[in-house]
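What follows is a set of notes on a single structure, which appears directly below.
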Amino acid sequence: MLAIIGGTGLTNLPNLEITKKEVVRTPYGDPSGYLTYGRIDNSIVIFLARHGYGHTLPPHEVNYRANIWALKSVGVTRVLAVNAVGGVAPDMGPGVLAVPDQVIDYTYGRKHTYFEADAPVTHIDFTDPYCNRARLLYLAAAKAADIPVLECGTLGVTQGPRLETRAEVMRLHRDGCTMIGMTTMPEAALAREQQLSYATLALSMNHAAGLGSSSDGIKLADADAVLKVGMEKVKQILAKAVEMHGAMPADQRGLN
């Protein structure tokens, strides 16, 4: 089964024919909200709003463990996430979409693993943090929707909820980040611990602090306008991805 985790700007899917809503309790507390089951072109999908359906949860207070556990518990095998980001690389200007292939984690204090307390010490391979099959699905869906996306990139994940300073952006650039977000980690690592196929589609809302149109500061109203337009493209890509996932053989719907 396929699930979509929506981020900033994506608290619902307007083309989703809702069939039911389910509240899931987990050993790790409450997820961000109920799971919304529905259909897009006869393909079944589950939707979850990462920040809550009223967008009330800041990045550092999202219960990532509960969200991923809830999806796994109802039979989800693949998660397509969406992230709003700031662009660091020159080709990640406002409105640009990308399917990143790498992550650098700068977060702290978040519950980032299921392997704690009395659980055995367990190490997961995280060389490539995103599932290749899920990334290829996103890329194929974008092509089918005739929407250009960058095929790779490194997403630096900061703590939030504040935006970054000029010096921090310079540091992230030196580290090799091409975009900056606040929610991919520990979400991606938890999905890997649960052996879920996981990838994200990143939408650049603005140039990161000190760069390009944000050289004198980030204009939040302009970023919100870009987000509104960009999310319409994201929804088109997601609709194609759901349709294509539904047509896949069962053995191609999991982690690779």
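Points to keep in mind about this one:
- So Val24, is it closer than 24 Å to Leu255 by Cα and modelled with pLDDT of 95 or more: yes
- Lone qualifier among Ala117, Ala140, Ala89 - being touching a residue at least 60 places away in the same chain (Cβ under 8 Å), in a loop (DSSP other than H, G, I, E, B) and surrounded by fewer than 22 Cβ atoms within 10 Å (Cβ to Cβ): Ala89
- Filter result for Arg65 (charged (D, E, K, R), in contact (Cβ under 8 Å) with a residue 60 or more places away in the chain and either touching a Lys or Arg at 6+ places or on another chain (Cβ under 7 Å) or under 30 Å from Ser215 (Cα atoms) (or both)): yes
- Matching residues in the range 63-81 - criterion: being part of a loop (DSSP other than H, G, I, E, B) and not hydroxyl-bearing (Ser, Thr, Tyr): Asn63, Val74, Gly75, Val76
- Options Pro100, Pro94; residue that is of a type outside the set (Gly, Ala, Ser), within 27 Å of Ser213 (Cα to Cα), assigned to a loop (DSSP other than H, G, I, E, B) and within 15 Å of the chain's Cα centre (by Cα): Pro100
- Residue in the range 153-162 that is surrounded by the most Cβ atoms within 10 Å (Cβ to Cβ), counting only those that are in contact with a helix residue (DSSP H, G or I) (Cβ under 9 Å, 6 or more places away or on another chain) and within 19 Å of Thr8 (Cβ to Cβ): Gly156
- Yes/no for His55 being modelled with pLDDT under 95, farther than 28 Å from Asp251 by Cβ, touching a Leu at 6+ places or on another chain (Cβ under 9 Å) and surrounded by fewer than 23 Cβ atoms within 10 Å (Cβ to Cβ): no
- Residue in the range 126-133 that is over 27 Å from Pro58 (Cα atoms) and not hydroxyl-bearing (Ser, Thr, Tyr) present: yes
- A single member of Leu150, Leu196 is surrounded by fewer than 23 Cβ atoms within 10 Å (Cβ to Cβ) and closer than 28 Å to Val74 by Cα, and it is Leu196.
- Where strands (runs of 3 or more DSSP E) sit wholly within the range 1-44, those with at least 2 residues that are crowded, with 17+ Cβ neighbours inside 10 Å and either out of contact with any Pro (no Cβ under 8 Å at 6 or more places or on another chain) or among the basic types (Lys, Arg) (or both) occupy 2-6, 35-40.
The values are calculated or read from the model by the stated rules, or taken from the named source; none is laboratory data. As the structure is a prediction and not an experimental result, all values here were calculated from the model. Ideal geometry is used to build each Cβ from the backbone, glycine not excepted, and the neighbour counts take in all protein chains shown.
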